[in-house]
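The values are calculated or read from the model by the stated rules, or taken from the named source; none is laboratory data. Note that the coordinates shown come from a computational prediction; the quantities given were computed from them, not determined experimentally. Counting neighbours? That spans all protein chains shown, and the Cβs are built from the backbone with ideal geometry, glycine included.
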Amino acid sequence: MELIHNEIPLEFLHALPEGIKYVVRHGKDFLVVEEVTCPNGHSLMSENVRIHGEPSLKIGVEIGNEKGHFFIDAFWGSHKKLFDFIPPLGPAPVIVKSFCPTCGTSLIVEDLCNIPDCKTKEHILLFLPGKKNRILVCARLGCPGHRLEVQELPHEVTEKISGINYFGTGIDDYFGGI
């Protein structure tokens with residue numbers, strides 16, 4: 001799971017929203033999600049499972065008849081995740097049902113994915129502290145679609161941040177190549 005550098009716009013760094021931090025690793029700059037919550041305010045961060053040395057995002061998921069958790073890399077634009085169960089995967093696209101692991105509230109909202117080959121209509125909604133800024137992640141397993149919405153920044157700036165994908169399109173996403 002090598003981190004590949006992407007340039008971060010200075011306008012974003014000057015108005016870094018609460019819940020996202022700027023880090024330098026091996027002389028290169030990255031953004032890391034450090035706090036997100038469910039709609040009811042429960043933290044979705046896991047200190048117990050770290051990826052690239054940072055706490056991961058923990059969400060409850062249901063795929064088919066299986067339930068478990070995803071532990072998602074907190075580096076913005078990374079699509080690496082760990083599973084605490086083996087999800088049933090088939091040839092058809094897998095849409096994840098997601099919920100808060102603390103209260104069980106659904107994290108799924110209706111929102112069209114902007115990735116050309118995807119067009120899934122469900123996204124996973126995560127709130128940054130204060131709930132006015134948010135992260136939307138496509139609910140189709142393997143899709144790199146994700147979006148950051150920050151009230152204080154111009155759309156063009158958040159669009160550049162939303163376009164950061166450290167690991168490409170997620171082809172190798174299901175089990176990290178094993």
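Would you confirm whether or not the range 136-143 contains a residue that is at pLDDT 90 or above and under 21 Å from Lys21 (Cβ atoms)? Within the range 136-143, one or more residues are at pLDDT 90 or above and under 21 Å from Lys21 (Cβ atoms).
So, in the range 34-52, exactly how many residues are touching a Leu at 6+ places or on another chain (Cβ under 8 Å), part of a loop (DSSP other than H, G, I, E, B) and modelled with pLDDT of 95 or more? Working first, answer last.
If we filter the range 34-52 for residues that are touching a Leu at 6+ places or on another chain (Cβ under 8 Å), which is where we start, we get 35-39, 44-46, 49, 51-52.
Restricting the remaining residues to those that are part of a loop (DSSP other than H, G, I, E, B) gives 35-36, 38-39, 44, 52.
Next, from what is left, pick out any that are modelled with pLDDT of 95 or more: 35-36, 38-39, 44.
Here the count works out to 5.
Being crowded, with 16+ Cβ neighbours inside 10 Å, among the hydroxyl-bearing types (Ser, Thr, Tyr) and touching a Pro at 6+ places or on another chain (Cβ under 7 Å) narrows it down to one of Ser56, Ser46, so name that one.
Values: Ser56 fails: touching a Pro at 6+ places or on another chain (Cβ under 7 Å).
After applying the criteria, what remains is Ser46.
May I ask you to verify whether Leu31 is of a type outside the set (Asp, Glu), at pLDDT below 95, crowded, with 17+ Cβ neighbours inside 10 Å and within 26 Å of Lys132 (Cβ to Cβ)?
Working: of a type outside the set (Asp, Glu): yes; at pLDDT below 95: yes; crowded, with 17+ Cβ neighbours inside 10 Å: yes; within 26 Å of Lys132 (Cβ to Cβ): yes.
Spelling it out, Leu31 is indeed of a type outside the set (Asp, Glu), at pLDDT below 95, crowded, with 17+ Cβ neighbours inside 10 Å and within 26 Å of Lys132 (Cβ to Cβ).
Scanning the range 69-93 for residues being β-branched (Val, Ile, Thr) and touching a strand residue (DSSP E or B) at 6+ places or on another chain (Cβ under 6 Å) gives a total of 1.
Within the group Cys100, Cys118, which residue is under 18 Å from the mean Cα position of the chain (by Cα) and without any contact (Cβ under 8 Å) to a residue 60 or more places away in the chain? Even if it seems obvious, please write down each step before you answer.
On the way: Cys100 fails: without any contact (Cβ under 8 Å) to a residue 60 or more places away in the chain.
None of the other options fit; the residue is Cys118.
Going by what's in this entry, would His14 be described as farther than 19 Å from Ser56 by Cβ, surrounded by fewer than 15 Cβ atoms within 10 Å (Cβ to Cβ) and at pLDDT 85 or above?
Values: farther than 19 Å from Ser56 by Cβ: yes; surrounded by fewer than 15 Cβ atoms within 10 Å (Cβ to Cβ): yes; at pLDDT 85 or above: yes.
Yes: the conditions hold for His14.
Any idea which residue in the range 124-145 is nearest to Ser43 (Cα to Cα), counting only those that are free of Cβ contacts under 8 Å to residues at least 24 places away in the same chain and either buried (at least 16 other Cβ atoms within 10 Å of the Cβ) or aliphatic (A, V, I, L, M) (or both)? Lay out the reasoning, then the answer.
Step one: filter the range 124-145 for residues free of Cβ contacts under 8 Å to residues at least 24 places away in the same chain, giving 132, 134, 137.
From the residues that got through so far, the ones that are either buried (at least 16 other Cβ atoms within 10 Å of the Cβ) or aliphatic (A, V, I, L, M) (or both) too are 134, 137.
Working: Arg134: 14, Val137: 17 Å.
The selected residue is Arg134.
Checked against the criteria, Val24 counts as part of a strand (DSSP E or B), farther than 26 Å from Glu122 by Cα and hydrophobic (A, V, I, L, M, F, W, C).
Counting the residues of the range 131-161 that are closer than 22 Å to Pro116 by Cβ, among the acidic types (Asp, Glu) and out of contact with any strand residue (DSSP E or B) (no Cβ under 8 Å at 6 or more places or on another chain) gives 2. Once the range 57-93 is narrowed to residues that are in contact (Cβ under 8 Å) with a residue 40 or more places away in the chain and β-branched (Val, Ile, Thr), the residue that is farthest from Val33 (Cα to Cα) is Ile63.
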